[in-house]
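The values are calculated or read from the model by the stated rules, or taken from the named source; none is laboratory data. In this text, all values refer to a predicted model and were calculated from it rather than measured experimentally. In this analysis, Cβ positions are derived from the backbone assuming ideal geometry, glycine residues included, and neighbour counts consider all displayed protein chains.
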């Protein structure tokens, strides 16, 4: 007996960064998602299935990078070394196998290498010229690639033989003397030595740079050093398509970290005008771009950053209000989707009472025409605890979705 | 503290092949199991516990062979190589460690080795003589064991030194030129060479065989070649009894694949007259045989194939009606069982809307006198999502059952 040739469904994965939360006094003991009016999410919960997801594992507090690695179907416990390569890729720097990449801050130090301002007066212009002055230098046999990011941020990539991501960072993370990088093992020492030398030279070059001379003249802190942290090498993993039975995918995402991670995994990045990765983002434009991308791609990841920002600010009503905006955008998308499995979830909890990431599992919702429903009627942390999906792990989600979309081969006969 | 000497309970595992499903338009949005009147299953759900089971892992689409390996307590991800040895054992051919076995079709080819009919006109008689003409030949130092199955089906076992299951099949799976088998690695080439030579010789011998000469004279397609696929070696695993603390078991099963798998794992196969492995099977006879076997054995696996067949046909009402027949048979069994843990489940979903296996988890029910109950009142996919068993994995089921039956030793003191 041969099955009919079912046309596999497409997959839309909506990630609401940091959306999962805890009860809030300001919201009468409800979470922002419970408190928000989300008729579209509730409809999908009623017609589909919900559950709770430990994005990494029970009790693990996910970072945005490790969380998204898991959600794309990789095990971060195995493949993650550090955040640097995702930030670098997110800023449009090519990161290759064997490279070691870092996030950097332009900071202000005095002549004794004491940090007096970690963000160099929140410098917002001229960093392209400062970055150009550092980019392309060579230390020993290592090539230095350096590029500015938003405001005081930048990225550093080391390229050459014998590099390792297992080195301490030089950024002290507060005012005080900069740190000396050290390797974890003897074979990591070369990278530490290169990084220390880069840090020293960055001061030499930047301190006398015309951009900084002008800043000092105007009473501003000079951006006279580049402080690196978050060392990492790009994960040596199969591409997203290889990992998921040939699934071709795209991502609509406003922030560089997640954009870089999607890019490195082989997802096509769809640029959207007005996608800021913040609370002022153009949700409708992102939603339209996601729906349009689904005409071409089998899989689209749509990422909204703002719930996480409200969580970090401890603003539960603001978070609830933004979740309502996402629900409106979702409603417009649903009117224009067909034969698509829709999944809505978060990459981690950012409880407003914690004002940081937390280990609480996140609610997850899966809906598609003809798929099963469960007894849940609303989409929130409370009801998801009784949902038909049960408790799942983040790195299992993609395989669940491709399975329900009819895209997984049979194992056995 | 010392427990009383509890007499361990017996275990009846009822596997309704492909029973798990999705909502059906023809059944007012219910699944066949939801729609069926199953008072006996519902009673056991009310008095016992239900849950959902990923037979292999979330998102994995199980084959019947990998699913049953998991349900017998083995991890198919580790021990499965291919379907051949289970089919061969199911046809009563002894398969030994180191053998490589295949499923075969008697097919029709022209002189250029183009397949013109993969089922040789659905030949239904004379295959015993054709098989006898191939059985017992020797190619290099390899012994050829060949036996006919039902209709155009047959099984091939290669026995001798240096064999490997990692070879391509010769069956093109549609009309067209037969394939040349190749080994995955150099050490697999011998098996590929033997298989190619066997295929060539099968044509030489069968094309001029009197059975085929008679077929051609009568205008029928000759069964003039044996095409192999599904290569595999018997899993190198502990026997069922060794795996489960000395549990001695038997199986009542109508289809050769599952029968062979049970046989290879060391379960006693109970032959039942009227057990056809199809929709016309004698359910009462199978149920009586299972109850009788429980007088002798600690564990009985009772397998009903038909729900899967209705799923492949997309016949939701037919599937629901057959599930009601299983429920009736279950009722008779319950009247005659004592001190038995009863488990009812499926090996995979075969949704009528998909007409093939799917990755959706299957409902599972466990009941036994004195064991816990949960809040579920009916046995179906929807309620099972809220059941006390939660979400389990297929390869964990047997240990759950032996644990509840009081057969597992204490781990620690």
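Which one of these is crowded, with 23+ Cβ neighbours inside 10 Å and within 12 Å of another protein chain (Cβ to nearest Cβ): B:51, B:29?
None of the others qualify; the one that does is B:51.
Taking the stated definitions as given, is residue B:221 over 29 Å from residue B:307 (Cα atoms), buried (at least 24 other Cβ atoms within 10 Å of the Cβ) and over 17 Å from the mean Cα position of the chain (by Cα)?
Here the answer is no, as residue B:221 does not meet what is asked.
Out of (1) part of a helix (DSSP H, G or I); (2) outside the structural domain of residue B:277 (by TED's automatic domain parsing), what's the single condition that is false for residue B:40?
With (1) part of a helix (DSSP H, G or I); (2) outside the structural domain of residue B:277 (by TED's automatic domain parsing) applied to residue B:40, the lone miss is (2).
Which residue, of B:206, B:179, B:158, is crowded, with 17+ Cβ neighbours inside 10 Å and free of Cβ contacts under 8 Å to residues at least 12 places away in the same chain?
It is B:179.
Identify, from the list A:54, A:21, A:5, A:17, the residue that is modelled with pLDDT under 95 and not assigned by TED's automatic domain parsing to the domain that holds residue A:159.
From the options A:54, A:21, A:5, A:17, the qualifying one is A:5.
Of the residues A:391, A:395, which single one is part of a strand (DSSP E or B), surrounded by fewer than 24 Cβ atoms within 10 Å (Cβ to Cβ) and within 28 Å of the chain's Cα centre (by Cα)? If you could, list the steps in order and put the result at the bottom.
Numbers: A:395 fails: part of a strand (DSSP E or B).
Testing whether each residue is part of a strand (DSSP E or B), surrounded by fewer than 24 Cβ atoms within 10 Å (Cβ to Cβ) and within 28 Å of the chain's Cα centre (by Cα) leaves just A:391.
Quick grid of which residues meet (1) touching a strand residue (DSSP E or B) at 6+ places or on another chain (Cβ under 8 Å); (2) at pLDDT 95 or above:
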| residue | (1), (2) |
| --- | --- |
| A:104 | yes, yes |
| A:129 | no, yes |
| A:136 | yes, yes |
| A:139 | no, yes |
| A:155 | yes, yes |
| A:160 | yes, yes |
| A:169 | yes, no |
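Return yes when residue A:219 is without any contact (Cβ under 8 Å) to a residue 60 or more places away in the chain, in contact with a strand residue (DSSP E or B) (Cβ under 9 Å, 6 or more places away or on another chain) and assigned by TED's automatic domain parsing to the domain that holds residue A:91 and no when it is not.
Working: without any contact (Cβ under 8 Å) to a residue 60 or more places away in the chain: yes; in contact with a strand residue (DSSP E or B) (Cβ under 9 Å, 6 or more places away or on another chain): no; assigned by TED's automatic domain parsing to the domain that holds residue A:91: yes.
So residue A:219 fails the test.
Can you tell me which residue among B:45, B:107 is away from chain A (no Cβ under 12 Å), crowded, with 19+ Cβ neighbours inside 10 Å and within 30 Å of residue B:216 (Cα to Cα)? Let's see the steps before the verdict.
Numbers: B:45 fails: within 30 Å of residue B:216 (Cα to Cα).
Testing whether each residue is away from chain A (no Cβ under 12 Å), crowded, with 19+ Cβ neighbours inside 10 Å and within 30 Å of residue B:216 (Cα to Cα) leaves just B:107.
Sort out which residues of the range A:180-199 are within 27 Å of residue A:128 (Cβ to Cβ) and part of a loop (DSSP other than H, G, I, E, B), and write them in order of number.
Passing the criteria: only A:181.
Can you tell me which residue in the range A:398-413 is farthest from the other protein chains (Cβ to nearest Cβ), limited to those that are touching a helix residue (DSSP H, G or I) at 6+ places or on another chain (Cβ under 6 Å) and either surrounded by 24 or more Cβ atoms within 10 Å (Cβ to Cβ) or in contact (Cβ under 8 Å) with a residue 60 or more places away in the chain (or both)?
Applying the filter and picking the extreme gives A:408.
Which numbered condition trips up residue B:65, out of (1) touching a residue at least 60 places away in the same chain (Cβ under 8 Å); (2) more than 26 Å from residue B:263 (Cβ to Cβ); (3) within 11 Å of another protein chain (Cβ to nearest Cβ)?
So the condition that residue B:65 fails would be (2).
Just one of the numbered conditions (1) part of a loop (DSSP other than H, G, I, E, B); (2) surrounded by 24 or more Cβ atoms within 10 Å (Cβ to Cβ); (3) within 7 Å of chain B (Cβ to nearest Cβ) is not true of residue A:370; which one?
Tallying (1) part of a loop (DSSP other than H, G, I, E, B); (2) surrounded by 24 or more Cβ atoms within 10 Å (Cβ to Cβ); (3) within 7 Å of chain B (Cβ to nearest Cβ), residue A:370 fails exactly one: (2).
Going through the range B:338-357 one residue at a time, which ones are in a loop (DSSP other than H, G, I, E, B) and either surrounded by fewer than 19 Cβ atoms within 10 Å (Cβ to Cβ) or within 10 Å of chain A (Cβ to nearest Cβ) (or both)?
So the first thing to find is which residues in the range B:338-357 are in a loop (DSSP other than H, G, I, E, B), and the list is B:338-339, B:346-348, B:350-357.
Answer for the range B:338-357, where residues must be in a loop (DSSP other than H, G, I, E, B) and either surrounded by fewer than 19 Cβ atoms within 10 Å (Cβ to Cβ) or within 10 Å of chain A (Cβ to nearest Cβ) (or both): B:338, B:339, B:348, B:350, B:351, B:353, B:354, B:355, B:356, B:357.
Conditions first: (1) more than 14 Å from chain B (Cβ to nearest Cβ); (2) part of a helix (DSSP H, G or I). Residue A:360 passes all but one, so which condition is the exception?
So the condition that residue A:360 fails would be (2).
Can residue B:268 be described as surrounded by fewer than 22 Cβ atoms within 10 Å (Cβ to Cβ), touching a residue at least 24 places away in the same chain (Cβ under 8 Å), within 24 Å of residue B:341 (Cα to Cα) and not assigned by TED's automatic domain parsing to the domain that holds residue B:177?
Yes: the conditions hold for residue B:268.
Each row is one residue, and each column tells you yes or no for (1) out of contact with any strand residue (DSSP E or B) (no Cβ under 9 Å at 6 or more places or on another chain); (2) crowded, with 20+ Cβ neighbours inside 10 Å; (3) under 21 Å from residue A:247 (Cα atoms).
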{"residue": "A:280", "(1), (2), (3)": "yes, no, no"}
{"residue": "A:298", "(1), (2), (3)": "no, yes, yes"}
{"residue": "A:304", "(1), (2), (3)": "no, yes, no"}
{"residue": "A:310", "(1), (2), (3)": "yes, yes, no"}
{"residue": "A:321", "(1), (2), (3)": "yes, no, no"}
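Does the range A:374-382 contain any residue that is in contact (Cβ under 8 Å) with a residue 12 or more places away in the chain, surrounded by 24 or more Cβ atoms within 10 Å (Cβ to Cβ), at the interface with another protein chain (Cβ under 7 Å from one of its Cβ atoms) and in a loop (DSSP other than H, G, I, E, B)?
Within the range A:374-382, one or more residues are in contact (Cβ under 8 Å) with a residue 12 or more places away in the chain, surrounded by 24 or more Cβ atoms within 10 Å (Cβ to Cβ), at the interface with another protein chain (Cβ under 7 Å from one of its Cβ atoms) and in a loop (DSSP other than H, G, I, E, B).
Being within 20 Å of residue A:400 (Cβ to Cβ) and either in contact with a helix residue (DSSP H, G or I) (Cβ under 9 Å, 6 or more places away or on another chain) or free of Cβ contacts under 8 Å to residues at least 40 places away in the same chain (or both): is that true of residue B:335 here? Lay out the reasoning, then the answer.
Details: within 20 Å of residue A:400 (Cβ to Cβ): no; either in contact with a helix residue (DSSP H, G or I) (Cβ under 9 Å, 6 or more places away or on another chain) or free of Cβ contacts under 8 Å to residues at least 40 places away in the same chain (or both): yes.
The answer is no for residue B:335.
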